[in-house]
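**Student:** Handing you a structure now.
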Amino acid sequence: MRLTTKGRFAVTAMIDLALRHGNGPVTLSAISERQEISLSYLEQLFGKLRRHQIVESVRGPGGGYNLARKAGDVSVADIIIAVDEPLDATQCGGKENCHSVTHPGGTRCMTHDLWSTLNEKMVEYLDSVSLQDLVDQQHQKEQKQPEHRTLGTEQSVVVMHRPHAAV
């Protein structure tokens with residue numbers, strides 16, 4: 001299961017916006033250029049974020065977007081849910097008809113509870129990480145590497161392997 005581009009781009013754009021909070025409205029074209037995200041895609045995402053009162057728009061010359069609430073009061077889960085990103089590892093979408101998605105009377109698969117619990121843990125974790133936490137992480141990265149001022153260029157992937165028991 002992967003988080004789609006929609007969720008990743010929304011979180012990335014929100015970090016960009018939050019890093020510039022207090023300096024006036026931020027234009028989507030500036031975010032688009034810095035983060036290499038399509039302007040039309042950002043417009044769609046920010047429309048949804050605005051409707052969920054996570055950002056507010058400022059019209060006119062010098063307009064753009066500001067945070068609608070403090071970065072510490074916005075969780076990653078808030079952002080992802082606002083842009084309609086599904087956070088569901090179950091095959092059935094939580095309908096408990098895993099064995100027959102096309103028939104309403106289908107039964108649950110044997111691993112339904114496993115994936116359902118994973119859903120709960122994902123939301124719990126993403127809800128525990130605030131936008132301010134992510135901004136603070138970016139500031140720490142900038143302090144460690146002052147010569148690399150471009151945001152979002154680092155990638156880190158955690159790969160976990162569990163040793164298998166000899167058969």
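The values are calculated or read from the model by the stated rules, or taken from the named source; none is laboratory data. Everything numeric in this text was worked out from a predicted model, so none of it was measured. As a convention, Cβ positions derive from the backbone with ideal geometry for all residues, glycine included, and neighbour counts pool all protein chains shown. Protein only, heavy atoms only, side chains kept; ligands, DNA and RNA dropped before computing areas. Shrake-Rupley method; radii C 1.70, N 1.55, O 1.52, S 1.80 Å.
**Student:** Set the Förster radius R0 to 22 Å, insert the Cβ-Cβ distance between H52 and T27 as r into 1/(1 + (r/R0)^6), and round the FRET efficiency to 0.05. Present the calculation step by step, with values, prior to reporting the outcome.
**Tutor:** Working: r = 20 Å, r/R0 = 0.92.
Plugging the Cβ-Cβ distance into 1/(1 + (r/R0)^6) gives 0.60.
**Student:** Further, regarding this structure: Run the quick spin-label model on L87 and S38: label points 7 Å from Cα toward the beta carbon, then report their separation in nm to one decimal.
**Tutor:** 2.6 nm
**Student:** Then there's this: Viscosity 1.306 mPa s, temperature 10 °C: give me the Stokes-Einstein translational D for the range 1-87 in µm²/s, with Rh taken as the Kirkwood radius over C-alpha pairs. All intermediate terms of the calculation are to be shown ahead of the outcome.
**Tutor:** Numbers: Rh = 12.8 Å.
Here the translational diffusion coefficient equals 124 µm²/s.
**Student:** Just read off the accessible area of T12 with the full protein assembly in place, 1.4 Å probe, to the nearest 10 Å².
**Tutor:** Number for this one is 50 Å².
**Student:** Is there a pair in K48/K121; K6/K121; K48/K144; K6/K141 whose C-alpha atoms are over 26 Å apart, and which pairs would that be?
**Tutor:** Details: K48/K121 24 Å; K6/K121 20 Å; K48/K144 34 Å; K6/K141 24 Å.
From the list (K48/K121; K6/K121; K48/K144; K6/K141), the Cα-Cα distance tops 26 Å for K48/K144.
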